[in-house]
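As structure tokens, the structure follows; a few thoughts come after it.
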Amino acid sequence: MARVKPERLLIVVSAPSGAGKTTLCEQAVRRLPRLVHSVSYTTRPPRPDERDGRDYHFVDEATFRRMVAEGAFAEWATVHGHLYGTSRKDLEAHWAAGNDAILDIDTQGAAILRGKFRDGIFVFILPPSVAQLEARLRSRRTDAPEEIARRLAKARTEMAAYPEYEYVVVNDDVERAVGVLCAIITAERSKSRRFIPGPGLATAE
Ligand code: 5GP
């Protein structure tokens, strides 16, 4: 079983679509040093405000399938009819650069990583209510009504997966929820088994 180097973290964040997970991850990256968002690959077409390389690496299905065959993904899944995957090489590059990686992925991808990284930190973001989730999805205005209905139906089944995660953050208030997410990461970073003492802290035998 692969192991994250003790001092480097893999933080996996899942949530039903519209629970505000992207904002929470972005804010955590802005607030905490040495935390980077791993940019996924997808075959979904970009939304108007999205940029290639920043929000996703947008690729065609042939490219994605070739990457799958080459073993390029640490995990990949079909979500809402499109393919999404996390590049193994990107993750390793983040850790090699001394950063912790935060992944915003669905419950299928999280289940795959749970089997591969025993030190991974799994966080589930819940909306305060299903009604709020629906309102958020509708206010986004970037998806067609059938797409919204599809995402809402999937959200209901995804929410049932929260007990498989170590941590749950209810996104009732963005400021509070970002604070909780940052606190989880900070606490995980402070675990004694991840501590590597410097020369000034050598203890007597
Ligand atoms: P969206 O199309 O709204 O950006 O994302 C749809 C869903 O795909 C979200 O639940 C998001 O977390 C998930 N997703 C994004 N990137 C990945 C990935 O690399 N792997 C997996 N398994 N899911 C992903």
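The values are calculated or read from the model by the stated rules, or taken from the named source; none is laboratory data. All of these numbers come straight from a predicted model, not from anything done at the bench. Here the Cβ is made from the backbone with ideal geometry for all residues, glycine too, and neighbour counts use every protein chain on show.
Consider Ala93 carefully, then state whether it is more than 25 Å from Lys116 (Cα to Cα), modelled with pLDDT of 95 or more, more than 10 Å from the ligand (Cβ to nearest atom) and not in a strand (DSSP E or B). No: the conditions fail for Ala93. Going by what's in this entry, would Arg44 be described as in contact (Cβ under 8 Å) with a residue 24 or more places away in the chain, within 12 Å of the ligand (Cβ to nearest atom), at negative phi and of a type outside the set (A, V, I, L, M, F, W, C)? Yes: the conditions hold for Arg44. Is at least one residue of region 1-10 under 17 Å from Ile112 (Cα atoms), β-branched (Val, Ile, Thr), buried (at least 16 other Cβ atoms within 10 Å of the Cβ) and within 12 Å of the ligand (Cβ to nearest atom)? No, the conditions are met nowhere in region 1-10. In the set Val13, Val29, only one residue is of a type in the set (Val, Ile, Thr), touching a residue at least 60 places away in the same chain (Cβ under 8 Å) and in a strand (DSSP E or B); that residue is Val13. Taking the conditions exactly as written (closer than 23 Å to Val180 by Cα and out of contact with any helix residue (DSSP H, G or I) (no Cβ under 7 Å at 6 or more places or on another chain)), does Arg140 satisfy them or not? So Arg140 fails the test. Considering region 99-115, the residues that are more than 12 Å from the ligand (Cβ to nearest atom) and closer than 22 Å to Asp55 by Cα include one that is farthest from the chain's Cα centre (by Cα), namely Asn99. Can you spot a residue in region 136-152 that is on the phi > 0 side of the Ramachandran plot and without any contact (Cβ under 8 Å) to a residue 40 or more places away in the chain? Among the residues of region 136-152, at least one is on the phi > 0 side of the Ramachandran plot and without any contact (Cβ under 8 Å) to a residue 40 or more places away in the chain, which makes the answer yes. Of the numbered criteria (1) in contact (Cβ under 8 Å) with a residue 60 or more places away in the chain; (2) aromatic (Phe, Trp, Tyr); (3) surrounded by 20 or more Cβ atoms within 10 Å (Cβ to Cβ), the one Trp95 fails is (3).
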